[in-house]
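Every number here is computed from the coordinates shown, using simple stated rules; none is lab data. None of the values given here were measured: they were computed from a predicted structure. Here Cβ is always computed from backbone atoms with ideal geometry, including for glycine, and neighbour counts include all displayed protein chains.
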Amino acid sequence: MTRFLLLVMGMWLITSGLSAQNQEPWTKEQLMETSTLASLIKKKQTGNMVIISIGPDEVIPGSINIGPTGEKANLERLKKHLKNTSKDKEIILYCGCCPFDRCPNIRPAFKALKDMGFKKPRLLNIPKNIKVDWIDKDYPVID
């Protein structure tokens, strides 16, 4: 009986840990593919968007550099910057400092957008980093 209980408890710990890891503040529908944003930039169709770099530097044309939002001061800077922005505006966040699963910036920033009541928060899908997922694909970059 003791072995059975230990087995059940071990399985519960493993599965509860896995489900906790899969809970992100965004949905799959809130991810924007890099090819989509690159195409919109090339076609000059980003007028109703606010594109924000929440990583070390802005790379994407038309984006605003807030700085790494894993740092509290930059997270507050993001909130201040968006304070008077319409909640209907599409807000595109990107970082690209490292793989999504290790990025210290995307989760606090995306959660802040949701907490602020933005109806169209989006996260640029950069699973590896900005170099591999944007620059190496010859997408538009800031000169």
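If you take all other residues with their beta carbon under 12 Å from the beta carbon of residue 86, and give Lys and Arg +1 and Asp and Glu -1, the sum is +3. FRET efficiency for the residue 135 to residue 71 pair, using the beta carbon distance and R₀ = 35 Å, is estimated at 0.90. Given the range 48-143, report the % of alpha carbon pairs whose separation exceeds 21 Å. Roughly 25 percent, rounded to a whole number. Here is the size of the range 39-91 from its Cα atoms: Rg then Dmax, 11.8, 35 Å.
Using a Förster radius of 35 Å, what is the FRET efficiency between residue 79 and residue 28 based on their Cβ-Cβ separation? Nearest 0.05, please. Once rounded, the FRET efficiency stands at 0.85. Full extension of the chain between residue 114 and residue 142 gives 7.3 nm of extra length, using 0.36 nm per residue less the Cα-Cα distance.
Neighbours of residue 65, meaning other residues whose beta-carbon lies under 9 angstrom from its beta-carbon, give a summed charge of -2 when Lys and Arg score +1 and Asp and Glu score -1.
Other residues lying with their Cβ under 14 Å from the Cβ of residue 128 contribute a combined charge of -1, Lys and Arg counting +1, Asp and Glu -1.
For the range 87-143, the list of trypsin sites (Lys or Arg not before Pro) that fall in a loop by DSSP and count at most 16 other C-beta atoms within 10 angstrom reads 87, 89, 119, 128.
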